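Trainee: The structure's right below; bear with me while I get my questions together.
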Amino acid sequence: MLPKDAREATDAFVKRRQGDVLLNWETEAILARRKGEWTTPYKLFSPNVLTEQPVTVVDKVVDRKGTRKAAEALAAYLFTEEAQQIFAEEGFRPTNPSVWQRVKDRFAPVKTFFSVKDFGGWEAVNKTFFDNGGLWDRLFAQSR
């Protein structure tokens with residue numbers, strides 16, 4: 001059975017010793033090390049995928065709730081140096097260049113990143129990898 005998410009996969013691997021290889025987000029390895037659950041070195045591939053977590057203010061919701069000002073302030077704050085430093089402390093690579101210069105030695109080196117755009121965007125990626133009969137289905141067809 002496949003884990004339902006990244007945290008469950010990490011727990012199965014580091015706590016229950018299930019599996020031979022863990023393929024997961026860098027932040028999961030950093031968190032497991034911080035908790036003392038994982039002492040084995042980990043490796044990041046280069047090139048590696050650049051994952052960007054979007055943030056948006058949903059007009060319909062903030063207008064209905066009257067929270068637009070607070071939501072927009074939070075969305076803007078996430079890109080400040082202060083917030084980026086907090087993200088870095090939690091194991092997320094900061095996007096702010098000055099924060100990155102201060103913390104880059106805490107992260108495994110990656111020379112080159114690629115993004116979903118390099119695969120034709122989300123529509124193409126979903127069709128190729130995740131639609132019925134896509135690569136994901138074919139990879140796990142015999143185990144289902």
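The values are calculated or read from the model by the stated rules, or taken from the named source; none is laboratory data. Owing to the predicted nature of the structure, the values given are computational and were not obtained by experimental measurement. So basically every Cβ, Gly included, is an ideal-geometry build from the backbone, and we count neighbours across all protein chains shown.
Trainee: With respect to residue 67, determine if the residue is over 19 Å from residue 3 (Cβ atoms), surrounded by 11 or more Cβ atoms within 10 Å (Cβ to Cβ), without any contact (Cβ under 8 Å) to a residue 40 or more places away in the chain and among the hydroxyl-bearing types (Ser, Thr, Tyr).
Mentor: yes
Trainee: (1) of a type outside the set (S, T, N, Q); (2) free of Cβ contacts under 8 Å to residues at least 60 places away in the same chain; (3) part of a loop (DSSP other than H, G, I, E, B); (4) within 27 Å of residue 2 (Cα to Cα): which one isn't true of residue 79, the others all being true?
Mentor: Only one criterion in (1) of a type outside the set (S, T, N, Q); (2) free of Cβ contacts under 8 Å to residues at least 60 places away in the same chain; (3) part of a loop (DSSP other than H, G, I, E, B); (4) within 27 Å of residue 2 (Cα to Cα) is unmet by residue 79, namely (4).
Trainee: Starting from region 88-106, take each residue that is on the phi > 0 side of the Ramachandran plot and list its partners that are modelled with pLDDT under 95 and surrounded by 12 or more Cβ atoms within 10 Å (Cβ to Cβ), counting only C-beta distances under 6 angstrom and pairs at least six apart or across chains.
Mentor: Here the result reads 91/27; 91/30; 91/31, each pair linking region 88-106 to a residue that is modelled with pLDDT under 95 and surrounded by 12 or more Cβ atoms within 10 Å (Cβ to Cβ).
Trainee: For region 24-70: of the residues being of a type in the set (Lys, Arg) and assigned to a helix (DSSP H, G or I), which is nearest to residue 14 (Cα to Cα)?
Mentor: Of everything passing the filter in region 24-70, 33 is nearest to residue 14 (Cα to Cα).
Trainee: Going through region 107-135 one residue at a time, which ones are surrounded by 11 or more Cβ atoms within 10 Å (Cβ to Cβ) and among the small types (Gly, Ala, Ser)?
Mentor: Passing the criteria: 108, 115, 120, 121, 124, 134.
Trainee: Moving on to the next point. Of all residues in region 25-44, how many are free of Cβ contacts under 8 Å to residues at least 60 places away in the same chain, loosely packed, with under 11 Cβ neighbours inside 10 Å and within 29 Å of residue 116 (Cα to Cα)?
Mentor: 1
Trainee: Residue by residue through region 1-23, note down the ones that are under 13 Å from the mean Cα position of the chain (by Cα) and either in a loop (DSSP other than H, G, I, E, B) or over 19 Å from residue 91 (Cβ atoms) (or both).
Mentor: Matches in region 1-23: 5, 23.
Trainee: For region 115-123, does any single residue satisfy the condition of being farther than 18 Å from residue 52 by Cβ and modelled with pLDDT under 95?
Mentor: Checked against the condition, which is being farther than 18 Å from residue 52 by Cβ and modelled with pLDDT under 95, region 115-123 yields no hits at all.
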